[in-house]
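The next block holds one structure in the form of structure tokens; read it before the comments.
The values are calculated or read from the model by the stated rules, or taken from the named source; none is laboratory data. Just so you know, these numbers come straight off a predicted model, no measurement behind them. Methodologically, a virtual Cβ is constructed for each residue, glycine included, from the backbone with ideal geometry; neighbour enumeration extends over all protein chains shown. Remember, those area values only see protein heavy atoms, side chains included, never the ligands or the DNA or RNA. Shrake-Rupley method; radii C 1.70, N 1.55, O 1.52, S 1.80 Å.
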Amino acid sequence: MNVSIASVHPLEVDPPTTDGGGGAGGEGGNNEVPTVRMKDLQGMPGTLGGLVLRICQFAFAVVGLCIMATTSDFPSVTAFCYLVAATGLQSLWSLSLAIIDIYALLVMRSLQNSRVVTLFTIGDAITSTLTFAAACASAGITVLIDNDLNSCAQNHCAQFEASAAMAFICWFTAVPSFLLNFWSLASR
């Protein structure tokens, strides 16, 4: 019976060579300039900056979802239902990637695999687009209720505005994750 045993190996950094084999001028010194690798940038998957971005995305999405879900009349407007669905999806996506980032940080595992980064990039693009569209639609309906219909007294305009604002802030924290992942793919 062939059964493979899963194992996780910590990320090891190769020590710099000082054997006199590199460089120019024949002096025997190592004159090579070290290059900055993409995995060293904070905000990418598996880094502390990436984890902070995911936790912020999750927090703002959950706050926006809870504010909107606590109003009694949000199901009557399609844009508000869309906001609840989009922030729910964003919170699940951000929470799952935050757990993966925590795992990668604990075992010092690099997440710079091309397939993994592609999956993160596509997921970030979809969820951030949905969150932005839902925030715009909800903000538009809130402006319609407040300014054009002048019926904020009968509705929960402050809660609608706060929920749309949380969705916009969630989107502002999701865009850097997408851009860093996309940039990582482009530089390979």
Can you find a residue in segment 92-100 that is β-branched (Val, Ile, Thr), within 30 Å of Leu48 (Cβ to Cβ) and open to solvent by 40 Å² or more (accessible area, probe 1.4 Å)? yes
On the given criteria, is Cys157 touching a Phe, Trp or Tyr at 6+ places or on another chain (Cβ under 8 Å), open to solvent by less than 80 Å² (accessible area, probe 1.4 Å), without any contact (Cβ under 8 Å) to a residue 40 or more places away in the chain and over 13 Å from Trp171 (Cβ atoms)? no
When you go through (1) under 27 Å from Leu41 (Cα atoms); (2) touching a residue at least 60 places away in the same chain (Cβ under 8 Å); (3) of a type in the set (S, T, N, Q) one by one for Ser163, which number turns out not to apply? (1)
Those residues of segment 66-91 which are within 21 Å of the chain's Cα centre (by Cα) and open to solvent by 40 Å² or more (accessible area, probe 1.4 Å), in sequence order: Cys66, Tyr82, Ala85, Leu89
Phe178 open to solvent by 40 Å² or more (accessible area, probe 1.4 Å), assigned to a helix (DSSP H, G or I), under 22 Å from Leu65 (Cα atoms) and modelled with pLDDT under 95: yes
Do the conditions hold for Thr118, that is, is it in a helix (DSSP H, G or I), of a type in the set (Ser, Thr, Tyr) and over 25 Å from Val62 (Cα atoms)? yes
Within segment 116-133, is even one residue at pLDDT 95 or above and touching a Cys at 6+ places or on another chain (Cβ under 7 Å)? yes
Within segment 106-115, residues open to solvent by 60 Å² or more (accessible area, probe 1.4 Å) and either modelled with pLDDT of 90 or more or in a helix (DSSP H, G or I) (or both) come out as Leu106, Arg115
